[in-house]
Amino acid sequence: MKHSSPKSLLAIAVVGIVLLTLPIVAILIRMPWTSLGEIITDGANRTALVLSLRTSLIATLLSVVVGIPIAYVIAHHTFPGARVFRALCVLPMVLPPVVGGVALIYVLGKNGIIGQYLWDWFGIRLAFTESAAVLAQFFVAAPFFIVVMESAFTSIDPSVVGVSRTLGASPWFSLLRVQLPMVLPSMLAGIVLTWARALGEFGATITFAGNTEGRTQTLPLAVYSALESGSDAALLLSFLLIAVSFTVLVALRSQWTTGVTQRGSQ
């Protein structure tokens, strides 16, 4: 059945679409296509790309290792302060990223709550290192994985878990062999979403890890530096990030649509 919409509503939608897509189109129009090879083969740009891929993948792995237990606890357990616990776990999603960077400095910086002991006892300095970039990306991206997995665990029919336990399955067996396979599509979507968020992280990274070329300069920071210097590389690197984000959104939309359809048919 076709839906009829008010003309004024359609007009507002068209204006909104233009406002949202025109900046992306402007980048495509201004792309220095003739300099594409030169910009891609530039050593600093390649280093920033490789660094971004490495740190974002590590941050995503940490998000999975930490996020699954957190999401499971939030979805299946009720305890005093549970709402506060959940809010704290997903708070970085709504915090300005630079605030996250400041928070990390005061926790893991050389004079931070934990960082001072890492430095005094072990000589370990996390701030303004590649590890800091990983931690900054993890801090802002992990909540996305937690939210996706919490929703996935909550959607599991409790009777299925109950049957597995009745048949003698241990809690670990039930989690690994029953529940995780059931939420695998959601988990994969959460992993991709988390990785994309980590790859595009800027504010917390530049605050906690700095912007040292070849050491902590990730792809978004390279875009910022290129833009400041007036280099055409800013357009190309921006295009790369746009392409990654667009691909992720298209892939996840099919996953979310499938999930909505499945839940609606239950």
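The values are calculated or read from the model by the stated rules, or taken from the named source; none is laboratory data. Not measured: the values here are computed from a predicted model. Positions of Cβ are backbone-derived with ideal geometry, glycine not excepted, and every protein chain shown enters the neighbour counts.
A compact table of results
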quantity	calculated
Matching residues in the range 130-142 - criterion: being surrounded by 24 or more Cβ atoms within 10 Å (Cβ to Cβ) and of a type outside the set (A, V, I, L, M)	Gln137, Phe138, Phe139
Options Ser155, Ser131: the member that is more than 26 Å from Leu53 (Cα to Cα) and among the hydroxyl-bearing types (Ser, Thr, Tyr)	Ser155
Residue in the range 72-86 that is surrounded by the most Cβ atoms within 10 Å (Cβ to Cβ), counting only those that are assigned to a helix (DSSP H, G or I) and of a type in the set (Gly, Ala, Ser)	Ala75
Condition met for Pro69 (part of a loop (DSSP other than H, G, I, E, B) and over 20 Å from Leu237 (Cβ atoms))	no
Those residues of the range 7-58 which are surrounded by fewer than 11 Cβ atoms within 10 Å (Cβ to Cβ) and within 16 Å of Leu221 (Cα to Cα), in sequence order	Gly43
Flag for Leu95 being outside any helix (DSSP H, G or I) and closer than 18 Å to Ala141 by Cβ	yes
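For (1) under 17 Å from the mean Cα position of the chain (by Cα); (2) modelled with pLDDT under 95, each residue gets a yes or a no:
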residue: Phe122; (1), (2): no, yes
residue: Leu135; (1), (2): yes, no
residue: Val148; (1), (2): yes, yes
residue: Thr154; (1), (2): no, yes
residue: Val161; (1), (2): no, yes
residue: Thr166; (1), (2): no, yes
